[in-house]
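The values are calculated or read from the model by the stated rules, or taken from the named source; none is laboratory data. On a predicted model such as this, the values are computed, not experimentally measured, just so you know. Note that each Cβ is placed from the backbone with ideal geometry, even for glycine, and that neighbours are counted across all protein chains shown. With ligands, DNA and RNA removed, areas are computed over all heavy atoms of the protein, side chains included. Shrake-Rupley method; radii C 1.70, N 1.55, O 1.52, S 1.80 Å.
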Amino acid sequence: MPSGGGGGLWLSGGGAREPAGGGSLLSAAVRGRWRGARRPAKQKVTMEISGLPLELWRLILAYLPLPDLGRCCVVCRAWYELIISLDNTRWRQLCLGCSECKHPNWPNQPDIEPHSWREAFRQHHLTSKIWTRNAQDLESSNCLYLFRRKKDRKTIFVGPASEHVNLRSALSVANVYDKIIISPGVYEEQNEVTLKVPVEIIGQGKLGDVALLVSFDQHCPTARLCNLVLMPAWFTPIVYKTMSGHVQFDNCNIENGQLQIHAPGTCQVRFCTFSQSSISFHNVALSIIENCEFNGSESTSVTVEGSGLTERNWACKHLAVAAKSNSLLNVPSQALSNACSSENHCQHSSSSFRTFELNDNVTGSRHASASKQNIQKPCMRDGQCNGEGCITKRSPCEGDVITLETDYSDSEMSTCSENEDDEQSVYKLSYQSHGLSRLLARTNPFRSQKKGTDLLQMDLELKTLQKELQKDKEAQVLASSLHGCLIRKCLFRDGKGGVFVCSQGQARLECNIFRNLSYAVRCIQNAKIIMIRNEISQCKASGIFLRLAAGGLIADNNIHSNSEAGIDIRKGANPLILCNQIHSGHRSGIVVLGNGKGIIRSNRIYGNKEAGIYILYNGNPVVSGNHIYQGLAAGVAVNENGRGQILENIIRENHWGGADIRRGGDPVLRKNLICYGYSDGVVVGERGKGLIEGNTIYGNKGCGVWVMSSSLPHIANNQISRNNIYGVAVFCRKDDVNDYLNNQGGDENFNDEGEIINWENDFDSDEERYTSHKPITVALIEFNNINHNGAAGLYIKSSETLNIIANAVHANHDNGIAVYQSSQFTHITNNSITCNSVGGVLVEAGCKVELRGNGIYDNSSHGVTSKGEGTVLENDILGNHGYGLQLLENADMKVTKNRIQSLHDYGIAILDQAKGTVQENQIFRGKVGKTILEKTENPEKCTVQSNEILACSKNSCRSGIAWKLDNPPARPLVDGSNRATSMVQTRQRVASMTTRIAARVEGGCHDNGSIFCSIL
């Protein structure tokens, strides 16, 4: 055989055998080249490729039949490459012209060509021969047996003009592996037809020319049916049944009938259409359904029941090899996207994520601080819906990082204007490095420093499925598992149900389309479902429904436009949901209820009419790393005793609350970015609970956190900034704010096919209840950074006790803390309240407040204004532009052991009918020298005594030494020597002090000594 690039086809003897059909053209070309030449009997002649142009060779070879193409391939590398180059011509013709199959991407994407027509044709050829690989009864070698089988195999014809006029007659004379070819026509069998020997039954002509009204019962090890229309006989709805053997269906239509496969039987169904028909698997170990269409079914199209792990037949190992050879895990990601995505499937790529930039140049000017908050919207929308779903394009929208250039400059810590007298600095006490300054400096764990501007950076790119599988070994095992039924590249449409898996059954679904069904997939009773890269849309109920301890993996699917939830998880179901797109639903994206669990990670959930994720009735999932955005209701809603952990998600641009918690909802909401919502960031409604910790709540058009006073949330360590209204608002009744709807999750229908279920009686026992945070008895707001909000930092209108501890309330566009209603005591302890556009703390008439150990600095108006009752104890009220402390109307306050200084006015002003006790305070004179103003109408009810007035001496003024607080409380750290104190020491001191103060506040134990002195 010649070798190298100039290889050729060699002929010996009297020349080449002339092939049938188109091969005669090649033979004629060979004969024409040596016409008239006399050759020796054994002379070898060579036909070089270089003898003709490649275009001409391709034209000639395009007429060769399949056997001759195979012979040409094995001549040499040059001929092999020449034959391979016919992929879009001859190989395409052979593939599409085969009566045993259809387009390789039928029925979902018949307009998209495969990567290689030759490879597709090769795979079809190999797969079509699986039914012949039964070798259990071999007595001789495989080669000899297969040779004998092919030689002894005969073809039997059935038809009006043939020897056999019906199928039963042909089967009676058929031998092992005979081929039965049926002529066009309609054939009806009046009794059940039993297959006793392995045979191949093929319809002649086009699909539809041969119709069988028959009921097969297979008793042989293997069989194959091809190019037939199968309809049930008059006496049964069953078209085909096997109890032990393997059956293969290729390019058939099944109409109004059923296929039943019982263990240890198996089947392989390819390029078939099921019209108002179904297929059932009972305890089957492995079967494959590929490139099939199911339409108009009045029940479930595919049912998989039973574990199938006990009995196996000879075909299982061959089916497993065929399944894994085309597995999604073996295909490159780019080719996989092209192969599995439909026109409506949005691709997962880093380019689909955008950068949000918000640049607010914040200066120290009080005019700028008092101006209305100006938040640049996160990129202009270019709202357009194309075939890939609604994609919101933004500008500048480049890169993969969300950047919020916000917060404040160091200049805002001081309210001194540039033209103020330099001598004034000696009258201003130093307090900038107090213990909570770390909260003001910290925006988010992802923050980085750039040119003096605080940046909040968070990676917007979701993890791909490949990255998730690399990280999660459990997910990797699930993704590679292959048991039960494999359904691949099928279309389910216009029927009741798609796939039903029950009673420990297992199914694997890859690259299917489910459209316009009542439901796509139901998985119940300890069954397991593996779903990868399917499209599920326009279902009349939920798209995927899991219950009764069902599990599995749902990954990289496109789930959209369903009438109910995209995924419904309940009654102990515990799936792993990764990297899906769940969008444009008429209700919620994912619903978890009735003790449902699950891990919901790295999904894009957007554009749903109700909550993106809805957790209720003791649902308890782990929701992490998702993007939940542009929903018409809440991003995440937790109602009706729902629980769950909501971790590290990006929740943005939702029309209602980013997170909505009410009616017994008790989740953990931690380290999420909740931003740019059209309403509030977090809503804790009636009887809501939960731990809200470490979140960044930014740029929402309502409040940062909206709380109803009948709830018990624990709000800690959050960054709450740049929201249009309040940072945190606490209301006592629903009708306080008419704009808030009663249920932001949506009015979902949670009955299962009309069942009335008493979910309240289906909860876990008390021992099984999962609590991931310490329960509290009083609503607690602590260690939050609440800054630059459009109204008050904290707005209180509560009928319940509330603890506000160790928060940094800074640069808000109204009062720092405003208490408008508080029939029970509101404890405001150890907070830093600075640089707010109006006052530091406002207490309205009738309110009960305890102000203890706070630092109230640099506010544009009065430090504390009170018309209510309570105590003001051991606070630092310094550098405010109005009164340090003002008592108005019928205020009744006990003001004790505070340090107070006002730069421009009185330290303490007692006006109107105010009463109470003002004693043992240190009052520092400002430049104007004003200390205490008494203009009360009831002087006998107001006691002012034992206060210490401190003035700046001339010597200290001349030396230029600024005043410092002597023996400061543990919370504020004094500027200067203490600045070098490590952050670890600072945090330890703050935590220790907070614990002790909180204990005293809760216990109500106030001894005669100073709390701060006892601590120090």
### Query
Which of the residues spanning the stretch 617-638 are surrounded by fewer than 24 Cβ atoms within 10 Å (Cβ to Cβ) and assigned to a strand (DSSP E or B)?
Val622, Ser624, His627, Tyr629
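Select, from Ile651, Ile715, the only residue that is buried (at least 24 other Cβ atoms within 10 Å of the Cβ) and closer than 16 Å to Ile613 by Cα. Spell out the reasoning first.
On the way: Ile715 fails: closer than 16 Å to Ile613 by Cα.
None of the other options fit; the residue is Ile651.
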### Query
Looking at the stretch 69-121, which of its residues are open to solvent by 30 Å² or more (accessible area, probe 1.4 Å), over 44 Å from the mean Cα position of the chain (by Cα) and free of Cβ contacts under 8 Å to residues at least 60 places away in the same chain?
Gly70, Arg71, Val74, Tyr80, Glu81, Arg90
### Message
Just to be sure I understand the filter: pairs with C-beta atoms under 6 Å, separated by 6 or more residues or on different chains, first member in the stretch 297-309 and assigned to a loop (DSSP other than H, G, I, E, B), second member open to solvent by less than 10 Å² (accessible area, probe 1.4 Å) and among the polar types (S, T, N, Q). Which pairs pass?
### Response
none
### Query
Does the stretch 757-772 contain any residue that is in a loop (DSSP other than H, G, I, E, B) and at pLDDT 55 or above?
no
### Task
Quickly run through the stretch 874-918 and pick out the residues that are of a type in the set (D, E, K, R), farther than 19 Å from Val838 by Cα and not in a loop (DSSP other than H, G, I, E, B).
Asp892, Lys894, Arg899, Asp912, Lys915
### Task
Would you confirm whether any residue within the stretch 516-538 is modelled with pLDDT under 95, open to solvent by less than 10 Å² (accessible area, probe 1.4 Å) and outside any helix (DSSP H, G or I)?
no
### Query
Within the stretch 800-817, can you find the residues that are buried (at least 24 other Cβ atoms within 10 Å of the Cβ), touching an Asp or Glu at 6+ places or on another chain (Cβ under 9 Å) and of a type in the set (A, V, I, L, M)?
Ile804, Ala806, Ala811
#### Entry: Residue that is surrounded by the fewest Cβ atoms within 10 Å (Cβ to Cβ), among those in the stretch 192-216 that are of a type in the set (Val, Ile, Thr) and farther than 22 Å from Pro237 by Cβ
Val197
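Is the stretch 835-857 home to any residue that is part of a strand (DSSP E or B), polar (S, T, N, Q) and out of contact with any Phe, Trp or Tyr (no Cβ under 8 Å at 6 or more places or on another chain)?
Quick first cut of the stretch 835-857, residues part of a strand (DSSP E or B) only: 841-843, 848-852, 855-857.
Now restrict to residues that are polar (S, T, N, Q): none.
No, the stretch 835-857 has no match at all.
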#### Entry: Filtered residues of the stretch 819-849 (kept if in contact with a Leu (Cβ under 8 Å, 6 or more places away or on another chain), open to solvent by 10 Å² or more (accessible area, probe 1.4 Å) and of a type in the set (S, T, N, Q))
Gln824
### Query
Would you pick out the residues in the stretch 122-133 that are open to solvent by 60 Å² or more (accessible area, probe 1.4 Å) and out of contact with any Leu (no Cβ under 9 Å at 6 or more places or on another chain)?
Arg122, Leu126, Lys129, Arg133
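Please specify each residue of the stretch 234-273 satisfying the condition of being of a type in the set (A, V, I, L, M) and either assigned to a strand (DSSP E or B) or crowded, with 20+ Cβ neighbours inside 10 Å (or both). Walk me through how you get there before you give the answer.
Applying the first criterion (of a type in the set (A, V, I, L, M)) to the stretch 234-273 yields 238-239, 243, 247, 254, 259, 261, 263, 269.
Result: Ile238, Val239, Val247, Ile254, Leu259, Ile261, Ala263, Val269.
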### Task
Quickly run through the stretch 161-175 and pick out the residues that are in contact with an Asp or Glu (Cβ under 9 Å, 6 or more places away or on another chain), in a loop (DSSP other than H, G, I, E, B) and within 18 Å of Val214 (Cβ to Cβ).
Asn166
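With respect to Ile661, is the statement that it is aliphatic (A, V, I, L, M), open to solvent by less than 10 Å² (accessible area, probe 1.4 Å) and outside the structural domain of Lys701 (by the TED database) true? Walk me through it before giving the result.
On the way: aliphatic (A, V, I, L, M): yes; open to solvent by less than 10 Å² (accessible area, probe 1.4 Å): yes; outside the structural domain of Lys701 (by the TED database): no.
For Ile661, the condition - aliphatic (A, V, I, L, M), open to solvent by less than 10 Å² (accessible area, probe 1.4 Å) and outside the structural domain of Lys701 (by the TED database) - is not met.
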### Query
What do you reckon, is Val872 free of Cβ contacts under 8 Å to residues at least 60 places away in the same chain, assigned by the TED database to the domain that holds Gly816 and under 56 Å from the mean Cα position of the chain (by Cα)?
yes
